[in-house]
1. Condition test on residue 61, is it within 30 Å of residue 173 (Cα to Cα), among the aliphatic types (A, V, I, L, M) and at pLDDT below 95?
2. Can you spot a residue in segment 166-186 that is within 29 Å of the chain's Cα centre (by Cα), assigned to a loop (DSSP other than H, G, I, E, B) and on the phi > 0 side of the Ramachandran plot?
3. Of (1) exposed (fewer than 15 other Cβ atoms within 10 Å of the Cβ); (2) of a type outside the set (A, V, I, L, M, F, W, C); (3) touching a residue at least 40 places away in the same chain (Cβ under 8 Å); (4) closer than 30 Å to residue 192 by Cβ, residue 134 satisfies all except one. Which?
4. Can you confirm whether residue 163 is of a type outside the set (S, T, N, Q), at positive phi and without any contact (Cβ under 8 Å) to a residue 40 or more places away in the chain?
5. Starting from residues that are part of a loop (DSSP other than H, G, I, E, B) and on the phi > 0 side of the Ramachandran plot, keep the ones in segment 51-100 and report whichever is nearest to the chain's Cα centre (by Cα).
6. Is one or more of the residues making up segment 87-98 farther than 15 Å from residue 111 by Cα and either assigned by TED's automatic domain parsing to the domain that holds residue 166 or touching a helix residue (DSSP H, G or I) at 6+ places or on another chain (Cβ under 9 Å) (or both)?
7. Output the number of residues of segment 41-75 satisfying the condition of being in contact (Cβ under 8 Å) with a residue 60 or more places away in the chain and acidic (Asp, Glu).
8. Across segment 1-50, which residue is modelled with the highest pLDDT among those that are in a loop (DSSP other than H, G, I, E, B) and over 27 Å from the mean Cα position of the chain (by Cα)?
Amino acid sequence: MKKISNISKKLIKLTLILVCGISFGQSKIVGKIKSDITNDKPYGNIYLEINNGNKSQVDRMTIADSIGIFQFNNLEPNKTYKIKVQLMGYEDQEFEVKTNENIQNVDLTLKGICGFVSLETAEKDWKKNKAKLYLVGGIAPVGNRKEDYRFEKKYKIKYYDFGDTAPNMECIQIYNERIFELMDEKYGTEWRKKVRSDVEYLK
């Protein structure tokens, strides 16, 4: 009986060691996604994939929440992982993150693709009297009314509707908001009472 008791004790110790090893031998990555344009969470669904060979492709993927937070669980501690991030309007990027013994917190900044809609082009367009107020009207955009044409002529600006093919929304935001500032400086705030209400980011 004494021999059996000793074996039982050894089995219990071994079980405890294994449980502790599983509990404390795993790490996680918790991070936040930001845009290099606005320094906030980018618009849209942000998909991430980690190169964890122990999992299926579905289990290697996650999606950031409404404020840009994501996490990957059950990772090996002190190991470098690669995280791929994809979002329309941004470059596809891959980040290397090394885990620690517990929770590794990281901030990942995405590089936006603005093209011809940016803070720089807002400044240039304004100086050349070619500034625009951007709209995103969907499949059936709403055309100008007579008062809208009068507004364009008076303030030397054009409404531009992307329809359902808008570029990066953060780019539209910084462009429009800069034009709003320049119009306030030149015309005061009276123009805001006459502008189309569907201009993006108009407050």
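The values are calculated or read from the model by the stated rules, or taken from the named source; none is laboratory data. For clarity, every value in this text was computed on a predicted model and none was experimentally measured. In this analysis, Cβ positions are derived from the backbone assuming ideal geometry, glycine residues included, and neighbour counts consider all displayed protein chains.
1. Considered against the rule, which asks whether it is within 30 Å of residue 173 (Cα to Cα), among the aliphatic types (A, V, I, L, M) and at pLDDT below 95, residue 61 comes out as yes.
2. Checked against the condition, which is being within 29 Å of the chain's Cα centre (by Cα), assigned to a loop (DSSP other than H, G, I, E, B) and on the phi > 0 side of the Ramachandran plot, segment 166-186 yields no hits at all.
3. (1) is the only condition that residue 134 fails.
4. Here the answer is yes, as residue 163 does meet what is asked.
5. Result: 68.
6. We begin by selecting, within segment 87-98, every residue farther than 15 Å from residue 111 by Cα; these are 96-98.
Cutting the leftovers down to either assigned by TED's automatic domain parsing to the domain that holds residue 166 or touching a helix residue (DSSP H, G or I) at 6+ places or on another chain (Cβ under 9 Å) (or both) gives us none.
No, segment 87-98 contains no residue that is farther than 15 Å from residue 111 by Cα and either assigned by TED's automatic domain parsing to the domain that holds residue 166 or touching a helix residue (DSSP H, G or I) at 6+ places or on another chain (Cβ under 9 Å) (or both).
7. Residues meeting the conditions: 0.
8. So the residue we want is 26.
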